[in-house]
1. Distance from the Cα centre of the range 1-73 to that of the range 275-311, in angstrom?
2. Please list, ordered by chain and number, the residues whose modelled amide H lies under 5 Å from the amide H of Val466; skip anything fewer than 5 residues away on the same chain.
3. What is the gain in length, in nm to one decimal, between Asp34 and Asn407 on full extension, counting 0.36 nm per residue of separation less the C-alpha to C-alpha distance?
4. Under a point-charge model restricted to the Cβ atoms of Lys and Arg (+1) and Asp and Glu (-1), what is the dipole moment magnitude of the range 12-247 relative to its Cα centre, in debye to the nearest 20?
5. Please report the spacing between the Cα centers of the range 421-495 and the range 127-173 in Å, no decimals.
6. Considering the zone a paramagnetic label at Trp290 would reach in this model (a point 7 Å from Cα along the Cα-to-Cβ line), which residues of the range 221-237 have amide N under 17 Å from it?
7. Once you have the Cα-Cα distance between Arg375 and Thr144, take 0.36 nm times their residue separation minus that, and quote the gain in nm to one decimal.
8. If you place +1 on the Cβ of every Lys and Arg, -1 on the Cβ of every Asp and Glu, and leave all else neutral, what size is the dipole of the chain about its Cα centre, to the nearest 20 Debye?
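Every number here is computed from the coordinates shown, using simple stated rules; none is lab data. Quick caveat, the model's predicted, so the values are computed rather than measured. Counting neighbours? That spans all protein chains shown, and the Cβs are built from the backbone with ideal geometry, glycine included.
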Amino acid sequence: MLGLMQDRPLLISSILDHAARNHGGAKIVSARPDGTLTRHTWPQVAARAAQLAHALTARGVRQGERIATLAWNEHRHLEVYYGVSSMGAVMHTVNPRLFPDQIAYILKDAADTHLFVDPTLLKGAEALADRLPETLRTIVVMGTEAEIPADCPLRGRFEVLAQESLIAGQPEQFDWPELDERSASSLCYTSGTTGEPKGVLYSHRSTVLHGLAVLQKDVFNIGAEDVVMPVVPMFHVNAWGIPYAAGMAGASLVLPGPRLDPASLHRLFEEEGVTFSAGVPTIWTALLQWLRADPARRFARPPKLVVGGTALPAPINAGFLKEYGVHIRHAWGMTETSPLGTANTRKPENAEWDEDRFLDYARKQGRPLFGIELRVRDAEGKPVPQDGVAFGELEVRGPWVAGQYFNRPGDPAFTADGWFRTGDVVTVDALGCIEIVDRAKDVIKSGGEWISSITLENLILGHPAVAQAAVIGIHHSKWDERPLLLVVPKPGTSPTAEDILGYYEGRVAKWWVPDRVEFVDSLPLTATGKLWKADLKHKYKDRSLG
């Protein structure tokens, strides 16, 4: 027997309609590169998203077609988020911090037909002109015609339009199609730490369910009275679902644009009354240092903060709480998990712990949200005990977890019985709280972004003076981790550090280049002849690169 309830699809368009219909008083504030602010409301965002959908429909954009963005957190990007997905096309966010070859690969793999580019990123797009895919026919600059240089070299190969011109005169209402809720809504690629980037194709259903999940009290705890500022980029796993969750709650949004320095962020916190924000550890560490530099710098209303990625050092968490009254909540997730999978909040079992004891515990990544299942298995595939000591690889499944990669069927990251292998090595304690203790692929996390040690090693082995090389992550006070390169020179050669590091120029993004190179006589190897990274990490565990 089936239930007798109405069957309505879970669609992103319903979020936009809800916010516009019921929360017209909320504000959408967008910061421009020069520090000026633009102000809109949810009804205005809905109207402009509808205009965009009409314009794209008139240009022949069909359901399932991929529309890419190279953009920061600002209102035009938000309009693309909602307009593209709601009309049935796929909104594809591209990380502008990736190396140009990776961006070109991603655009080609996705077969995007339109690319929306923030004016501040136009030079980067121009540099990619000869590597952009044949499917791409139009570049849309996210601004006015005045923001497109007259000599823009992209004009010779592509149609180049301004977003304001594109939507001008279009109707402000759109009859959003009633899509299958499992239809693709957005596409985001991993950072390609173990090879080429891999696409994760989200659905309307997964996005709506994820948004509902993160609104919970023990996760983001967002309501209609909140003023929400996603510092995490909108090109990074859909800004952790915040643009959708805020619309569901009817909350106000503050979009900080490209300027994420502490002074700019603090200004927005204070002037706009931000009550909730989320970002990587690098952002909050820099903000605390800036606050401490001047006793007059305070929060009129201490916001709630969420940190994701690597663990926020306990002294930073304690400093925010004890000196400024700011509570920071730790969460964990991945591109493949939409991204939120766990959050660390109190349970009845630790509700009575004093502040210091819980601050130490807060370094852990947390317990699963409703809808997410975790299992941790050792090298033999057996479950590890929940004792907070034994460790194994974390696997997850749930309605907002990827089932396979875009254009990559049969990837070994997905098990035969339906779980996603995260590659993270964790412990799990008696309260079900996980803590990441290592990364199976030895990737390095710097400022919330992944760096592949394997890629750096393989590249430097092409240097004529390098016999062996290893790259490991070393503690850094600002970036959490930075790469250290260890090199065994070839006999008869005497390379310098400048010579070695200079070899990476033009081959990887600048922020991937190791901070330091050290020359050694040998590197430890396992019995099978592989680099013994565990031994190196232990040897250098007390080192710091800044």
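1. That distance is 29 Å.
2. Lys490
3. 130.3 nm
4. Dipole size: approximately 160 debye.
5. Cα centroid to Cα centroid, the span is 39 Å.
6. 229-233
7. 78.2 nm
8. 200 debye
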